[in-house]
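Values in this text are rule-based calculations from the coordinates and carry no lab data. From a predicted model like this one, the values you see are computed outputs, not experimental measurements. All Cβ positions, even for glycine, are placed from backbone atoms using ideal geometry, and neighbour counts span all protein chains on display.
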Amino acid sequence: MLTCAVVMAAGTASGGWKIIKTLGHKMVKLHPIHGFAAETSSATILTLAAHFGMPVSTTHSISTAIMGVGFAKNPRSLKFGVIERIIWAWILTIPAAGLVSYLILELFRICGWT
């Protein structure tokens, strides 16, 4: 658990501002009221998912809420190139994480640690 917490903290520390800048400025220009609307809708989605016991990514939730706010504001204000890169990252994350996990497990087996 400690390793997981350290890795998550390192990831947030190294890439957190880049994610915030991408979601809040590059995908669509947000003003405070739009951020409030996106956060409220994301919190609602997460609360409902938790109520029904569904696992949901908080990052995916806020990303799509920001997309929805941007679309409601003005569909042409969305930068679809940024959105496309985000969606590809979502698609590739699970297989990439599975591959890394497999490689680490194989390394442990080679070293005789399992």
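Before moving on, here are some points about what is shown:
Residues are listed down the side, and each one gets a yes or a no for (1) over 23 Å from Pro75 (Cα atoms); (2) in contact with a Phe, Trp or Tyr (Cβ under 9 Å, 6 or more places away or on another chain); (3) among the basic types (Lys, Arg):
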site: Val6; (1), (2), (3): yes, no, no
site: Thr12; (1), (2), (3): yes, no, no
site: Lys18; (1), (2), (3): yes, no, yes
site: Lys26; (1), (2), (3): no, no, yes
site: Ile33; (1), (2), (3): no, no, no
site: Phe36; (1), (2), (3): no, no, no
site: Thr40; (1), (2), (3): no, no, no
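- Identity of the residue in the range 54-79, over 17 Å from the mean Cα position of the chain (by Cα) and of a type in the set (A, V, I, L, M, F, W, C), that ends up nearest to Ile19 (Cα to Cα): Leu78
- Only a single criterion out of (1) in contact with a Leu (Cβ under 9 Å, 6 or more places away or on another chain); (2) under 30 Å from Cys4 (Cβ atoms); (3) of a type in the set (Gly, Ala, Ser) is not satisfied by Ala43, namely (1).
- Hey, Thr58 free of Cβ contacts under 8 Å to residues at least 40 places away in the same chain, hydroxyl-bearing (Ser, Thr, Tyr) and in contact with a helix residue (DSSP H, G or I) (Cβ under 8 Å, 6 or more places away or on another chain) or not: yes
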